[in-house]
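Colleague: Pasting in a structure now, in structure tokens, and then I'll have a few things to ask.
Here, each number is a calculation from the coordinates, and none is a lab measurement. This one's a predicted model, so the numbers in the text were calculated from it and none came from an experiment. Backbone-built Cβ (ideal geometry, glycine too); neighbour counts: all protein chains shown.
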Amino acid sequence: MVTIKEIEADSLEALNELYSELTGVTANPGKLKETFNMIKADSRYILLGAYTDGELLGSLMGIICQDLVGDCRPFMVIENVVVSSRARRRGLGKQLMTAVEAIAHKRNCYYIILVSGEKRKEAHVFYERMGYRDEKVEGYRKHLTSH
């Protein structure tokens, strides 16, 4: 049985493993914990996990951003969507997305935006099945380095 709930500190090691699967990079555990605590203290962040028999097998983060356009309603950005390769095609991603969308509705968000790497074609099919549309916008990213 799958349980969708907010991730707590006791799942950080498993979350780091999921992110490593997503990005190929493992975070420094101390920095991960410090940043996690900061995120947990900020109600604009939603960090959800999909648990099967107590094991974290999927996650995503939603961030509520206040807008100054039109009715000044907030919007949500979704990042770091990942389901373990051991648990794909079992509905975990769908349950995570449905849960975060419900939170976006509850918080009166006007829309949700997410980006996905160009080569993640399987993920794109999933997002389209969830009702997300490729609006043919250009996405740009600039990686900043510390001095």
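Colleague: Of K31/K106; K5/K94; K5/K33; K40/K94, which pairs sit farther than 25 Å apart, going by alpha carbon to alpha carbon?
Modeller: Violating the 25 Å limit, Cα to Cα: K31/K106.
Colleague: Please state the charge dipole magnitude for region 1-55, taken about the Cα centre, from unit charges on C-beta atoms (+1 on K and R, -1 on D and E), reported in debye and rounded to the nearest 20.
Modeller: My answer is approximately 280 debye.
Colleague: Right, another one. Would you work out if region 44-106 is rounded, prolate or oblate? Take a ≥ b ≥ c from the square roots of the eigenvalues of the alpha-carbon gyration tensor; rounded if a/c is under 1.5, else prolate when a/b is larger than b/c, oblate otherwise.
Modeller: Judged from the Cα gyration tensor, region 44-106 comes out prolate (a/c at least 1.5, a/b above b/c).
Colleague: Right, next: Along the charge dipole of region 1-59, Cβ charges K/R +1 and D/E -1, which of A9, G49, M38 sits furthest on the positive end?
Modeller: The residue sitting most towards the positive pole is M38.
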